[in-house]
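Student: One structure follows; several queries about it will come next.
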Amino acid sequence: MTSQSSKPTACLVLADGTVFYGKGFGAAGQTIAELCFNTAMTGYQEIMTDPSYAGQVVTFTFPHIGNTGVTPEDDETADPVAAGMVVKWDPTQSSNWRATEELTVWLERRGRIGIGGVDTRRLTRAIRQQGAPHVALAHDPEGNFDLDALVQAARGFAGLEGLDLAKDVTCAQSYHWNEMRWAWPEGYKPQNAPKYKVVAIDYGAKRNILRCLASAGCDVTVLPATATAQDVLALNPDGVFLSNGPGDPAATGVYAVPMIKQVLDTTDLPVFGICLGHQMLALALGAKTIKMNHGHHGANHPVKDYDTNKVEITSMNHGFTVDSQTLPEGVRETHVSLFDGSNCGIAMADRPVFSVQYHPEASPGPMDSYYLFERFAAAMAVRAA
């Protein structure tokens, strides 16, 4: 007979009835979501607070999760957005000079569920082979689970297709941003001499993306996802930025695409998009998006830049992609994934309007792609000349 001390206190139930037992940590309770995996070796706090993970439970393929603790400086938004986390080993006590709190305490305080002791390799293989499943994640310190109810809950999850999640994670009202990237030893410093006025549309913007804009010389005003072209142009910007975000781009595009089209049709402003913003721009230009089997989630994705023939190692987090076969005349593919050939960037042929699928702000991830923010700033400088 299983003793109370060894009894599983959490379980992950897939819609096909597969059950993974483990040790629960963080908040107690239950959540339903789509399951994905992330291969990054660092940045679990940034991943959990990335608004692009709304509606998803994240399986971390790297086993040492929790070993650096958490710090408010690394939050990408005010609260964790990912529904929960799945790890191989139970989080250990943190050992890092920047840590202000333990991961387990942070998750409990923020209302997010974690499960440890799971065979994440097996789980990752299942996701790759069968696609991102719908799951129910439950944590009960007493170890009591109604498996039938959990299976039904997982099967009842509507999924991310057709779901507009940007409206759930966007800001409630506009705000100003001038904080630049973290630098030793000062930490975050304000941008006191900006050169360009940028309007950033918040579909689920990460703070470090906004910091990269500020570090590139931008004075940033952030507007909600539902902002109109009139709202944008009333601020008389030098450029428009379209942020990352979660959900089905076709659903968000219902209100985002008309705004982008009007900005493109009535101005010559430089436009730069990232992730969901990339997909919004593609839809506005006439292309289509499709759901991927298991998406791209990690910090080691090789991408080829057709303009330079260089390969960048990038950070990615997306479950939908732009169908490059639908790009209209006058729009070219600029970047492509070397993992599967999927589209990773587009640009208009005759205007400073471009976007990428990956996250060039490197939070977490490599710094190969920071040049994109400088390219955006250079386009604004040319227009102002």
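The values are calculated or read from the model by the stated rules, or taken from the named source; none is laboratory data. Because the structure is predicted, anything quoted here is derived from the model rather than measured. Glycine also receives a Cβ, built like all others from the backbone with ideal geometry; neighbour counts cover every protein chain displayed. Protein only, heavy atoms only, side chains kept; ligands, DNA and RNA dropped before computing areas. Shrake-Rupley method; radii C 1.70, N 1.55, O 1.52, S 1.80 Å.
Student: Would you list the strands (runs of 3 or more DSSP E) that sit entirely within the range 169-271 and hold 2 or more residues that are open to solvent by 40 Å² or more (accessible area, probe 1.4 Å)? Spell out the reasoning first.
Tutor: Values: elements: 175-177, 196-202, 218-224, 239-242.
Filter on the range 169-271 gives 175-177.
Student: Among the residues in the range 257-270, are any touching a residue at least 40 places away in the same chain (Cβ under 8 Å) and closer than 16 Å to Cys171 by Cα?
Tutor: no
Student: Out of Pro237, Pro258, Pro246, report the one residue that is over 21 Å from Met180 (Cα atoms) and in contact with a strand residue (DSSP E or B) (Cβ under 8 Å, 6 or more places away or on another chain).
Tutor: Pro246
Student: Oh, and also: In this structure, is Thr77 out of contact with any strand residue (DSSP E or B) (no Cβ under 9 Å at 6 or more places or on another chain) and among the hydroxyl-bearing types (Ser, Thr, Tyr)?
Tutor: Values: out of contact with any strand residue (DSSP E or B) (no Cβ under 9 Å at 6 or more places or on another chain): yes; among the hydroxyl-bearing types (Ser, Thr, Tyr): yes.
Answer is yes for this residue.
Student: Looking only at the range 224-239, which residues are touching a helix residue (DSSP H, G or I) at 6+ places or on another chain (Cβ under 6 Å) and in contact (Cβ under 8 Å) with a residue 40 or more places away in the chain?
Tutor: If the condition is that a residue be touching a helix residue (DSSP H, G or I) at 6+ places or on another chain (Cβ under 6 Å) and in contact (Cβ under 8 Å) with a residue 40 or more places away in the chain, then Ala225, Thr226, Asp238, Gly239 are the ones that fit.
Student: Can you tell me which residue in the range 22-63 is nearest to Tyr203 (Cα to Cα), limited to those that are under 12 Å from the mean Cα position of the chain (by Cα) and among the small types (Gly, Ala, Ser)?
Tutor: Ser52
Student: On to the next question. What number of residues within the range 66-85 satisfy the criterion of being modelled with pLDDT of 95 or more, closer than 30 Å to Gly156 by Cα and either open to solvent by 10 Å² or more (accessible area, probe 1.4 Å) or small (Gly, Ala, Ser) (or both)?
Tutor: Here the count works out to 5.
Student: Name the residue that is farthest from His294 (Cα to Cα), counting only residues in the range 125-139 that are crowded, with 17+ Cβ neighbours inside 10 Å and out of contact with any His (no Cβ under 8 Å at 6 or more places or on another chain). Walk me through it before giving the result.
Tutor: Step one: list which residues in the range 125-139 are crowded, with 17+ Cβ neighbours inside 10 Å, which gives 126-127, 132-139.
Now drop any that are not out of contact with any His (no Cβ under 8 Å at 6 or more places or on another chain), which leaves 126, 133-139.
Working: Ala126: 10, Pro133: 9, His134: 12, Val135: 14, Ala136: 18, Leu137: 19, Ala138: 22, His139: 25 Å.
Of everything passing the filter in the range 125-139, His139 is farthest from His294 (Cα to Cα).
Student: In the range 146-165, which residues are open to solvent by less than 50 Å² (accessible area, probe 1.4 Å) and over 31 Å from the mean Cα position of the chain (by Cα)?
Tutor: none
Student: Could you list all residues from the range 312-341 that are crowded, with 22+ Cβ neighbours inside 10 Å and farther than 21 Å from Ala378 by Cβ?
Tutor: Once the filter is applied, which keeps residues that are crowded, with 22+ Cβ neighbours inside 10 Å and farther than 21 Å from Ala378 by Cβ, the range 312-341 yields Ser315, Met316, Asn317, His318, Gly319, Thr321, Val322.
Student: Just for strands (runs of 3 or more DSSP E) wholly inside the range 331-379: which have at least 1 residues that are more than 25 Å from Gln45 (Cβ to Cβ) and of a type in the set (Phe, Trp, Tyr)?
Tutor: By residue number, 353-356.
Student: Quick one: in the range 302-311, which of the residues that are of a type outside the set (D, E, K, R) and open to solvent by 10 Å² or more (accessible area, probe 1.4 Å) is nearest to the chain's Cα centre (by Cα)? Explain how you work it out, then say what you get.
Tutor: In the first step, residues of the range 302-311 are kept if they are of a type outside the set (D, E, K, R); the result is 302-303, 306, 308-309, 311.
The next check asks that each one be open to solvent by 10 Å² or more (accessible area, probe 1.4 Å); those that pass are 302, 306, 308-309, 311.
Details: Pro302: 17, Tyr306: 24, Thr308: 26, Asn309: 26, Val311: 22 Å.
This residue is Pro302.
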